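The values are calculated or read from the model by the stated rules, or taken from the named source; none is laboratory data. Everything numeric in this text was worked out from a predicted model, so none of it was measured. Virtual Cβ from ideal backbone geometry, glycine too; neighbours counted across all protein chains shown. Protein only, heavy atoms only, side chains kept; ligands, DNA and RNA dropped before computing areas. Shrake-Rupley method; radii C 1.70, N 1.55, O 1.52, S 1.80 Å.
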Amino acid sequence: MKKYFSIILSILIMIIIFKFSSEEINESLKHSGIVSNFIKTVFSTELFLSVRKLAHFTIYFSLATFLQFNFSDNCRKYRNKIIVILIVFIYACTDEFHQSFVAGRGSHFTDVLIDTAGGVTSIFMVELWRRTHRIIIDIKNTQY
């Protein structure tokens, strides 16, 4: 059941990415403006990091996280981690290609790199969590 949940969430994230990529520039800027204003209000400051770039990174981070749990070994093998990164990279490339056909939008390889960086960061974070979790369990087991 857990695997189906990960598959559904992975597909849902891909659909969300496709939907955002299909928006014309004015609609897309409106959404980023809303998020930017929210961040300014909550944190009372201007962020130097572009909200749009942060959104790229975050959504592909999420995609890679759920893709990892689609493997029977939950992506513990090095080969499966490479497959996840390749899926993220290829989807990012097709997303940018798709954007090149949307009015007012363009295709930028830097966005592909940011998207892929989000996926790679997810791989590292999940692995860090696994190792930390394993150490904590080992410590608890040795205390009893």
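When ligands, DNA and RNA are left out and all protein chains stay put, how many square angstrom of accessible area per residue does region 58-144 have with a 1.4 Å probe?
About 60 Å² of surface per residue is accessible.
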**Asked** Top to bottom by accessible area (1.4 Å), largest first, where do R52, R130, R76, R105 land?
**Response** R76, R52, R105, R130
**Prompt:** Can you give the accessible area of L128 in Å² (nearest 10), computed on protein heavy atoms with a 1.4 Å probe?
**Reply:** 100 Å²
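Using a cut-off of 12 Å between beta-carbons, work out the net charge of the residues near I17 (Lys and Arg +1, Asp and Glu -1, I17 not included).
On the way: positive: K19; negative: E23, D95, E96, D111, D115.
In short, -4.
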**Prompt:** Quick one: Karplus J couplings for region 117-128, per residue in order, coefficients 6.51, -1.76, 1.60, θ = phi - 60°, nearest Hz, x for Gly and Pro?
**Reply:** 4, x, x, 5, 4, 4, 4, 5, 5, 5, 5, 4
**Prompt:** With every protein chain in place, what's the accessible area of S100 (1.4 Å probe, Å², nearest 10)?
**Reply:** 50 Å²
